[in-house]
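Taking it in order: structure first as structure tokens, then the write-up.
The values are calculated or read from the model by the stated rules, or taken from the named source; none is laboratory data. Quick caveat: nothing in here was measured; it's all calculated off a predicted structure. Virtual Cβ from ideal backbone geometry, glycine too; neighbours counted across all protein chains shown. Areas reflect the complete protein model, heavy atoms only, side chains present, ligands, DNA and RNA absent. Shrake-Rupley method; radii C 1.70, N 1.55, O 1.52, S 1.80 Å.
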Amino acid sequence: MEIAKLYKTTFGKDLVDHMKSETGGNFKEVLVSLCNSTPNFLARICRNSIRGPGTSEGALINVLVGGTKKDIAEIKDAYKLKYKRELEEDIADDTSGALKHVLVSLIQGNRSEEGVSHGQAVKDAEDLFDAGKGMWGTNESTFNKILVSRSPKHLKRVFNEYRNVASGDDIEDAVKSEMSGDTRDAFLGIVRVIKDAELYFAEELYKSMKGMGTNDDKLIRLLVWRSEIDLVEIKECFKLVSKGKTLESFISGDCSGDYKRALLALC
């Protein structure tokens, strides 16, 4: 970051180290996060999600379903450079089952960029129905193959065709009824990002603040990440999710002090 280089040149101090020594708590986390490039910031999120006891699957899901092909390639490079480790291997070692398969698939960053094929869209919709509501149990590998590899334009057509195959049910209904836990969240995240990425992030921001308490890690992660990408559009979607309330009003009600002022400045 240019400001960090200029600060060190002017004052002979490392900006991040200085902020860490002079601030604390969530306010410090916001400032330190802002001093990282986006790939380094997201690589740090992934590393913090994996290391230590357990894995914060929610953070990994946010990053991998919300990241573009370019984002994912840059995150993997930043992760390897900073931690001397392979992100794919760390994810594979710390997750299991269907969740592991979908996260490893997403980290490949191999989503097609081809256009829409009507015939293939109908077949994909039928395959998704047969793998879920059309059978006893669920074949997650079919969902994985189609939802992770097909192009966004093609998948939007698949989702429309699915309604025809499933007598009006939405693909989200199938994911919710056939899957559970983090696997369900991962596939729902993919579907929602394909449908409307800004609405997905608005819903995730809303979840971070609704009810008792605030998921500060998630709130900081999403605001810092999207602040210079699509936060203007996300804020409009947030009003739909929150029945007319603004993102700023939620932040003001859930946060305080310098931490609140830092988050509001990002908005």
When residues of the range 205-236 are filtered for being open to solvent by less than 60 Å² (accessible area, probe 1.4 Å) and among the acidic types (Asp, Glu), how many remain?
2
For the range 112-154, enumerate the residues that are among the small types (Gly, Ala, Ser), under 13 Å from residue 171 (Cα atoms) and at pLDDT below 95.
131, 132, 134
Among the numbered criteria (1) of a type outside the set (D, E, K, R); (2) open to solvent by less than 20 Å² (accessible area, probe 1.4 Å); (3) under 21 Å from residue 148 (Cβ atoms); (4) more than 18 Å from the chain's Cα centre (by Cα), which one does residue 177 miss?
(2)
